[in-house]
1. Suppose accessible area is computed on protein heavy atoms with a 1.4 Å probe; arrange MET263, MET192 from highest to lowest.
2. When the chain is treated as a GNM, springs tying every alpha-carbon pair under 10 Å, which of GLY129, GLY273, GLY199 comes out with the largest mean-square fluctuation?
3. Please identify, among LEU212, LEU222, LEU31, the residue showing maximal mean-square fluctuation in a Gaussian network model of the chain using a 10 angstrom Cα cutoff.
4. Given Cα pairs under 8 Å that are at least 6 residues apart, what percent is the relative contact order of the chain?
5. With θ set to phi - 60° and the Karplus curve 6.51 cos²θ - 1.76 cosθ + 1.60, what are the ³J(HN,Hα) couplings of the stretch 146-155 in order, to the nearest whole Hz, using x for Gly and Pro?
6. Where Rh denotes the Kirkwood radius from the mean inverse Cα pair distance, what is Rg over Rh for the stretch 145-244?
7. Could you compute how much accessible surface ARG284 exposes when probed at 1.4 Å, giving the result in Å² to the nearest 10?
8. Can you give me the C-alpha center-to-center distance between the stretch 35-98 and the stretch 153-172, rounded to a whole angstrom?
Amino acid sequence: MTLNDYQSAAAATIQGEVSEPNSIYIALLGLAGETGSLLTLYKKYLRDGPSFEIVNTRLQEELGDVLWYVAALAGHFNLHLEDIASANIEKVTERWLPSNPVAFEAFDVIMDATERLPRLFQAEFRNSGPEDHQRLEVLIDGEKCGSTLTDNAYSGDDYRYHDLLHLSFATVLGWSPVLRALLRRKRKSNPMLDEVEDGGRAVAIEEGIAALVFNYARQHSLLNSVDRLDWPLLRTCHEMSAHLEVSARSLNDWEDAILQAFMVWREMKAHNGGTVVCNLDSRRLRFLMPDNRNTVR
């Protein structure tokens with residue numbers, strides 16, 4: 001029996017008219033009730049242990065009732081269980097099965113070298129000024145990149161290091177319109193790419209994502225001891241950039257980029273600066289202590 005066969009058979013057993021106003025409420029309340037029955041069943045299993053001998057039989061029955069109400073709800077919205085199941089597998093596969101980021105083809109692989117992101121470079125972060133109002137300069141391969149930064153906050157929160165997110169997006173995702181603009185690596189030979197992928201809207205989207213991610217990380221100790229990020233955060237990053245080339249990257253890839261950025265961020269904060277080596281071929285960031293900033297491998 002296929003899922004759609006089951007859905008059709010289940011629909012034939014619905015009591016009353018499906019078109020009645022209360023029909024969908026009955027299905028929703030039924031699903032909630034059957035979920036409660038599952039919890040009650042597991043409570044008995046926890047309480048009685050091996051002596052609760054019929055747990056598997058009852059579990060199959062209760063799961064079947066849950067499935068019936070799911071099928072009924074799907075039918076109310078003209079959805080098919082097989083489509084629902086396929087979409088769900090695609091979703092969880094993208095989220096939980098690791099990809100091989102080194103196998104990615106770079107978005108700019110066909111461009112001239114002057115319009116490609118550099119595949120290996122180092123970015124030095126130098127702080128200066130009073131401790132309560134630090135000013136940060138970022139030097140990429142020895143040349144100052146962008147403006148001098150502060151936290152732009154009433155009290156210091158280390159937001160001045162947010163370029164680490166742009167560096168990580170470039171390194172792990174192969175995408176950063178912000179970094180392209182700073183390095184003068186925009187793809188001007190292709191006017192459409194220059195306008196859509198490397199233009200002002202894409203820059204604004206990336207800056208928005210960086211601000212969103214920073215706010216999340218600040219609420220979670222800069223992701224110290226965190227190895228999994230919340231689904232809504234990753235989904236929002238993906239949705240904000242859905243019309244751009246980076247949409248080809250998975251939620252797993254976004255997670256990797258964010259976690260790597262804050263791994264370096266915590267080191268930068270602890271040492272009041274330092275250097276990050278960005279290797280776009282291996283898709284890895286590496287932190288160097290301030291006195292080792294000239295070493296690149």
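1. Values: MET263 90, MET192 125 Å².
The most accessible residue leads, giving MET192, MET263.
2. With Cα springs under 10 Å in the chain, the top fluctuation among GLY129, GLY273, GLY199 is at GLY129.
3. Sorting by GNM fluctuation, first place goes to LEU31.
4. Values: 350 pairs, mean separation 55.9, N = 297.
After rounding, I find 19 percent.
5. x, 8, 5, 10, 10, 6, 6, 9, 5, 10
6. Details: Rg = 14.5 Å, Rh = 14.7 Å.
Taking Rg over the Kirkwood Rh, I get 0.99.
7. ARG284 exposes around 110 Å² with every protein chain in place.
8. Here the answer is 42 Å between Cα centres.
The values are calculated or read from the model by the stated rules, or taken from the named source; none is laboratory data. It should be emphasised that the depicted structure is a prediction, and the values quoted were computed from it without experimental measurement. A quick note on method: Cβ atoms are made from the backbone with ideal geometry, for glycine too, and the neighbour counts reach across all protein chains shown. In case anyone asks, the SASA skips ligands and DNA or RNA and just uses the protein heavy atoms, side chains included. Shrake-Rupley method; radii C 1.70, N 1.55, O 1.52, S 1.80 Å.
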